[in-house]
Amino acid sequence: MPNYVRDFVFVLLPLLVLLGVLPFFYRNELLLFNFTIYFALAQGLNVIYGFTGYLPFGYVGFFGVGAYGFALAIIHLTTSPALALAIAGLAALVLGVILIPLLRLSGAYFAIANLAAAQAVYHIVSNPDLQDITKGPYGVSLANVFAPRLSYYSALAITALASVVVIWFRNSRFGLALQAIRDDSLSAAMAGIPVVRQRTIAWLLSALIAGLTGGVFAWHISVFYPETAFDISISIFALVFALFGGATTLLGPVIGVLLLYGLYNLIGITIPQYFQLIYGILIVVLVLFLPQGIVSLVSRRGIRVP
Amino acid sequence: MSHKDALLRVEQVVMRFGGFRALDGVSFRVAAGEALGLLGPNGSGKTTCINVISGVYPPSAGRVFFADRDITGKAPNLLARMGINRTFQSPRPFLSLTVRENVELAAAYGGRGSLPMGIEDILDFLELREFAEKPAEGLNSAQQKRLDLARALATNPRLVLIDEIAAGLNPLELRKMAQCLRALASRGIALLVVEHLLSFLEEVTDRVIVLNAGREIFEGSLRAARHDQEVIRVFLGTAAHAG
Ligand SMILES: Nc1ncnc2c1ncn2[C@@H]1O[C@H](COP(=O)(O)OP(=O)(O)OP(=O)(O)O)[C@@H](O)[C@H]1O
Ligand SMILES: [Mg+2]
C-alpha cells in the first residue's frame with residue numbers, strides 16, 4: 001500500500017467517519033465543532049511549521065480575518081454562506097501575501113513579527129472608527145444564516161482539506177523539498193530548489209486553511225466579537241496541539257488535539273487562563289526538548305508514523 | 001586562456017562586509033574540465049570567493065561570467081540549474097532526509113537534462129550506497145562531505161566549487177577523494193578546489209592561485225608557488241610549510 005493511501009486509511013478516514021457520525025449520538029455539538037476546528041487549525045499549522053520550520057505565533061490572525069471576511073460578506077454583500085466562505089479564504093490569502101516579507105526573518109523574530117501582525121489586524125478590526133464596516137468592538141451577529149449542521153459538516157470538509165495538504169506534503173517531492181529547505185535553505189537552493197517560491201506556497205496554503213476555518217467558525221457560532229476571533233489562545237492551542245503530537249506527521253496533530261484539547265475540556269474550562277499559561281510554557285518545553293512531538297518516541301525507532 | 005576557452009570568468013570582484021574587504025579585486029578564469037586550486041591563509045577570502053560565485057551574496061563590485069553569460073548576483077537555485085554547484089567547508093546535507101533523498105532532490109530540482117551518472121552510480125562513486133536509506137544526520141563528517149559532493153554531482157554540474165573537502169579525512173579517505181576529484185576533472189567537470197592541504201591538492205591539480213587578505217598574490221603552478229617569496233611569507237607558520 002503506498003504511503004499516502006496508508007496515511008488516508010489509517011488516520012484521516014477514521015477521523016472523518018468518527019466526526020461525521022458523532023453528531024447523531026452526542027448532544028454537545030459545539031464541543032464537537034470546536035474539536036473539528038482545532039483538527040483543521042493544527043493541521044494548517046503543521047503545513048507551515050512542520051514543513052518549513054516557521055513558528056507562526058500570530059496564526060490566529062488568518063483565522064480572525066477569515067471570520068470577519070465571512071461575516072462582512074454576509075452583512076454587506078448578503079452573499080450565500082458558501083460564497084462567504086470563499087471570501088473568508090481569500091481574505092486570509094490576502095493577509096498571507098501582505099505578510100510574505102516576514103518569511104525573510106528567522107526563528108523568534110518571525111514568531112514575534114507574526115504575532116505583532118495579528119495584533120495589528122485585531123486593532124484595525126476592533127477600531128470604533130470603523131464601526132460602519134467592521135462593527136468595531138461591538139461584534140457581529142449572523143443569525144440569518146445560522147445553520148449548525150451545515151456549518152459543522154463544512155468544518156469537517158475543511159479539516160479533510162487541511163489533512164489532504166499534509167498527506168500531499170508528506171508523500172510528494174514537493175513536500176520533501178520543503179523539508180530540505182527547512183533543514184538548510186542554502187543547501188536547498190544549491191540543489192536547485194526554488195526556495196522562496198516553495199516556502200511561499202506552503203505559507204499561503206497554511207493561511208488559506210486558517211482563513212476557511214475562521215469563516216466556518218463565524219458561521220457556526222453566529223455571534224462573536226473581535227477578541228473572540230483574534231484570541232491569541234487560538235494560536236497557542238493550535239501550536240501546542242501540533243507540536244505536542246508531532247509536526248510533519250498527519251497523526252501527531254490529531255493526537256495532540258485529542259489529548260490536550262480533551263484535557264482542557266475536562267478540567268481546563270473552569271480555569272482557562274491557567275491553561276493558556278501552561279500550554280504556552282509547554283510549547284517552549286516541546287520546542288527545546290521534544291521538537292518532533294510524542295510520535296517521535298516511536299518514529300525514533302525507525303517505525304514510520306502516518 | 002582566451003575569453004572563448006574560459007567556462008568561469010571572475011573579474012575584479014570586490015566583496016565588502018561593512019567596511020571590511022573580504023575580496024579586494026579578484027580576477028581569474030577556469031576552463032571547462034580544468035581543476036584550479038585556490039590557496040590562502042585563514043581568512044584570506046577563499047570561502048567568500050566560492051560564496052560569491054555560487055550566488056550566496058552578490059559581490060559589492062566586479063562581475064562573474066559563466067559560459068559567457070553574466071551571472072553576477074544570480075540566485076543559487078538558478079546557478080545550480082545552469083551547472084554551477086558546490087560543497088561546503090563544514091558539510092550541510094539535509095539532515096532529516098535520507099542519503100538517497102538528499103541526492104534525488106538535487107537530481108530532480110537541479111538536474112540538467114539526463115544525468116551521465118545515475119543516482120545509484122553517484123552513490124557508488126562516493127561510497128554512500130550502504131547508507132542510502134539512513135538519515136543524513138547519522139553520517140560522520142567525512143561521509144557528510146561526500147554527500148555534499150554527491151548532491152552537487154546529482155545536478156549534472158559543469159563546475160563544482162569545493163571548499164576544503166580534505167580537512168579531517170584520514171590518509172585512505174584522502175587518497176580516495178583525490179582520485180574522485182581527478183575522475184571528475186577527466187569527465188570534463190571543471191573544479192575550483194579550495195584547500196589547505198597541499199599534498200592533497202597536488203594530487204588533483206597543478207595550477208593554483210593564492211589569495212592573501214582578499215587579493216591575489218600568485219597565479220601559476222603549485223610547484224612554483226612553493227618557491228615564491230611572497231607566498232612563503234604569507235604562509236609562514238601555516239599549512240603550506242607542512243604540506
Ligand atoms: N558573511 C560575512 N560577514 C562578515 N564577515 C565575513 C563574512 N564572511 C566572511 N567574512 C570575513 O571575511 C574574511 C574572509 O573569510 P573567508 O571565510 O572567505 O576566509 P577563508 O579564506 O575561507 O578562511 P578559512 O581558511 O578559515 O576558511 C574573514 O575575515 C571573515 O571573517
Ligand atoms: Mg573558508
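The values are calculated or read from the model by the stated rules, or taken from the named source; none is laboratory data. Not measured: the values here are computed from a predicted model. For neighbour counting, all protein chains shown are included, and Cβ atoms are generated from backbone atoms with ideal geometry for every residue, glycine included. Note: areas computed on protein heavy atoms with side chains; ligands, DNA, RNA excluded. Shrake-Rupley method; radii C 1.70, N 1.55, O 1.52, S 1.80 Å.
Scan segment A:219-273 residue by residue and report those that are on the phi > 0 side of the Ramachandran plot and surrounded by 24 or more Cβ atoms within 10 Å (Cβ to Cβ).
Of segment A:219-273, the ones on the phi > 0 side of the Ramachandran plot are A:222, A:246, A:248.
If the condition is that a residue be on the phi > 0 side of the Ramachandran plot and surrounded by 24 or more Cβ atoms within 10 Å (Cβ to Cβ), then A:Gly246, A:Thr248 are the ones that fit.
Within the set of pairs 6+ apart or on separate chains, which have a first residue in segment B:32-52 that is away from chain A (no Cβ under 14 Å), a second that is at pLDDT 95 or above and within 8 Å of ligand 2 (Cβ to nearest atom), and C-beta atoms under 6 Å apart?
Pairs that qualify, where the first residue is away from chain A (no Cβ under 14 Å) and the partner is at pLDDT 95 or above and within 8 Å of ligand 2 (Cβ to nearest atom), are B:Leu38/B:Lys46; B:Leu38/B:Val194; B:Gly40/B:Lys46; B:Lys46/B:Val194.
Return yes when B:Gly110 is within 13 Å of another protein chain (Cβ to nearest Cβ) and among the small types (Gly, Ala, Ser) and no when it is not. Before you say what the answer is, go through the steps one by one.
On the way: within 13 Å of another protein chain (Cβ to nearest Cβ): yes; among the small types (Gly, Ala, Ser): yes.
In short, yes.
Quick one: in segment B:1-13, which of the residues that are modelled with pLDDT under 95 and open to solvent by 10 Å² or more (accessible area, probe 1.4 Å) is nearest to ligand 2 (Cβ to nearest atom)? Give the derivation first.
So the first thing to find is which residues in segment B:1-13 are modelled with pLDDT under 95, and the list is B:1-6.
With open to solvent by 10 Å² or more (accessible area, probe 1.4 Å) added as a condition, the list becomes B:1-5.
Numbers: B:Met1: 26, B:Ser2: 31, B:His3: 29, B:Lys4: 31, B:Asp5: 28 Å.
By that ranking, first place goes to B:Met1.
Quick one: B:Ala150 ticks every box in (1) at pLDDT 95 or above; (2) open to solvent by 20 Å² or more (accessible area, probe 1.4 Å) except a single one, so which number is it?
(2)
Of the residues that sit in segment B:105-120 and are out of contact with any strand residue (DSSP E or B) (no Cβ under 9 Å at 6 or more places or on another chain) and part of a helix (DSSP H, G or I), which one is most open to solvent (accessible area, probe 1.4 Å)?
Residues of segment B:105-120 that are out of contact with any strand residue (DSSP E or B) (no Cβ under 9 Å at 6 or more places or on another chain), as a first pass: B:105, B:107-109, B:111-120.
Narrowing the set further to residues that are part of a helix (DSSP H, G or I) leaves B:105, B:107-109, B:119-120.
Details: B:Leu105: 2, B:Ala107: 25, B:Ala108: 40, B:Tyr109: 38, B:Ile119: 41, B:Glu120: 66 Å².
Looking at the filtered set, the residue picked out is B:Glu120.
Among the numbered criteria (1) within 14 Å of chain A (Cβ to nearest Cβ); (2) touching a Cys at 6+ places or on another chain (Cβ under 9 Å); (3) not β-branched (Val, Ile, Thr), which one does B:Arg146 miss?
It fails just one condition, (1).
Does segment B:85-95 contain any residue that is more than 9 Å from chain A (Cβ to nearest Cβ), within 19 Å of B:Ala32 (Cβ to Cβ), touching a residue at least 24 places away in the same chain (Cβ under 8 Å) and surrounded by 19 or more Cβ atoms within 10 Å (Cβ to Cβ)?
The answer is no, given that none of the residues of segment B:85-95 is more than 9 Å from chain A (Cβ to nearest Cβ), within 19 Å of B:Ala32 (Cβ to Cβ), touching a residue at least 24 places away in the same chain (Cβ under 8 Å) and surrounded by 19 or more Cβ atoms within 10 Å (Cβ to Cβ).
Can you tell me which residue is farthest from the chain's Cα centre (by Cα) among those in segment B:41-55 that are of a type in the set (Val, Ile, Thr) and within 6 Å of ligand 1 (Cβ to nearest atom)? Quick ask: steps written out before the conclusion?
Of all residues in segment B:41-55, those of a type in the set (Val, Ile, Thr) come to B:47-48, B:50, B:52-53.
Still in the list and also within 6 Å of ligand 1 (Cβ to nearest atom): B:47-48.
On the way: B:Thr47: 9, B:Thr48: 12 Å.
The extreme case among them is B:Thr48.
Suppose the filter is away from chain A (no Cβ under 14 Å), within 16 Å of ligand 1 (Cβ to nearest atom), of a type in the set (Ser, Thr, Tyr) and open to solvent by 30 Å² or more (accessible area, probe 1.4 Å); does B:Ser27 pass it?
Working: away from chain A (no Cβ under 14 Å): yes; within 16 Å of ligand 1 (Cβ to nearest atom): no; of a type in the set (Ser, Thr, Tyr): yes; open to solvent by 30 Å² or more (accessible area, probe 1.4 Å): yes.
Spelling it out, it is not the case that B:Ser27 is away from chain A (no Cβ under 14 Å), within 16 Å of ligand 1 (Cβ to nearest atom), of a type in the set (Ser, Thr, Tyr) and open to solvent by 30 Å² or more (accessible area, probe 1.4 Å).
Among (1) away from every other protein chain (no Cβ under 13 Å); (2) touching a residue at least 40 places away in the same chain (Cβ under 8 Å); (3) buried (at least 17 other Cβ atoms within 10 Å of the Cβ); (4) among the polar types (S, T, N, Q), there is one condition B:Asn156 misses while meeting the rest; what is its number?
Condition (1) is where B:Asn156 drops out.
Restricting to segment A:114-131, name every residue that is without any contact (Cβ under 8 Å) to a residue 24 or more places away in the chain and assigned to a helix (DSSP H, G or I).
Taking segment A:114-131 and keeping what is without any contact (Cβ under 8 Å) to a residue 24 or more places away in the chain, we get A:120, A:123-124, A:127-131.
The answer is A:Ala120, A:His123, A:Ile124, A:Pro128, A:Asp129, A:Leu130, A:Gln131.
Determine whether segment A:170-177 contains at least one residue that is part of a helix (DSSP H, G or I), away from chain B (no Cβ under 12 Å) and touching a residue at least 40 places away in the same chain (Cβ under 8 Å).
Yes, there is a match, as at least one residue in segment A:170-177 is part of a helix (DSSP H, G or I), away from chain B (no Cβ under 12 Å) and touching a residue at least 40 places away in the same chain (Cβ under 8 Å).
So in segment B:14-35, with the set limited to residues that are in contact with a strand residue (DSSP E or B) (Cβ under 6 Å, 6 or more places away or on another chain) and within 16 Å of ligand 2 (Cβ to nearest atom), which one is nearest to A:Ala188 (Cα to Cα)?
B:Met15
For residues in segment A:14-49 being under 12 Å from the mean Cα position of the chain (by Cα) and small (Gly, Ala, Ser), which is nearest to A:Ile221 (Cα to Cα)?
A:Ala40
Just the residues that are aromatic (Phe, Trp, Tyr) and more than 18 Å from the chain's Cα centre (by Cα), please, taken from segment B:1-40.
Once the filter is applied, which keeps residues that are aromatic (Phe, Trp, Tyr) and more than 18 Å from the chain's Cα centre (by Cα), segment B:1-40 yields B:Phe17, B:Phe20.
Which of the residues belonging to segment B:37-61 are surrounded by 19 or more Cβ atoms within 10 Å (Cβ to Cβ) and either away from ligand 2 (no atom under 16 Å from the Cβ) or hydrophobic (A, V, I, L, M, F, W, C) (or both)?
B:Leu38, B:Leu39, B:Cys49, B:Ile50, B:Val52, B:Ile53, B:Gly55, B:Pro59, listed by residue number.
Kindly check whether there is at least one residue in segment B:199-210 that is more than 16 Å from ligand 2 (Cβ to nearest atom) and out of contact with any Gly (no Cβ under 9 Å at 6 or more places or on another chain).
Yes, that holds for at least one residue.
Can you tell me which residue within segment A:145-159, out of those that are within 19 Å of A:Val254 (Cβ to Cβ) and open to solvent by 20 Å² or more (accessible area, probe 1.4 Å), is farthest from the chain's Cα centre (by Cα)? Step through it out loud before you land on a result.
First, the residues of segment A:145-159 that are within 19 Å of A:Val254 (Cβ to Cβ): A:152-153, A:155-159.
Next, from what is left, pick out any that are open to solvent by 20 Å² or more (accessible area, probe 1.4 Å): A:153, A:157.
Working: A:Tyr153: 17, A:Ala157: 14 Å.
In this case the residue turns out to be A:Tyr153.
Any residue at all in segment B:227-240 that is among the acidic types (Asp, Glu), more than 14 Å from chain A (Cβ to nearest Cβ) and free of Cβ contacts under 8 Å to residues at least 24 places away in the same chain? Lay out the reasoning, then the answer.
First, pick out the residues of segment B:227-240 that are among the acidic types (Asp, Glu): B:228, B:230.
In the following step, the residues that additionally are more than 14 Å from chain A (Cβ to nearest Cβ) were identified as B:228, B:230.
After this cut, where a residue has to be free of Cβ contacts under 8 Å to residues at least 24 places away in the same chain as well, the list is B:228, B:230.
Checked against the condition, which is being among the acidic types (Asp, Glu), more than 14 Å from chain A (Cβ to nearest Cβ) and free of Cβ contacts under 8 Å to residues at least 24 places away in the same chain, segment B:227-240 yields at least one hit.
If a residue counts only when it is within 15 Å of B:Glu216 (Cα to Cα) and in contact with an Asp or Glu (Cβ under 7 Å, 6 or more places away or on another chain), which strands (runs of 3 or more DSSP E) contained entirely in segment B:1-99 have at least 1 such residues?
B:6-17, B:20-31, B:35-39, B:61-66
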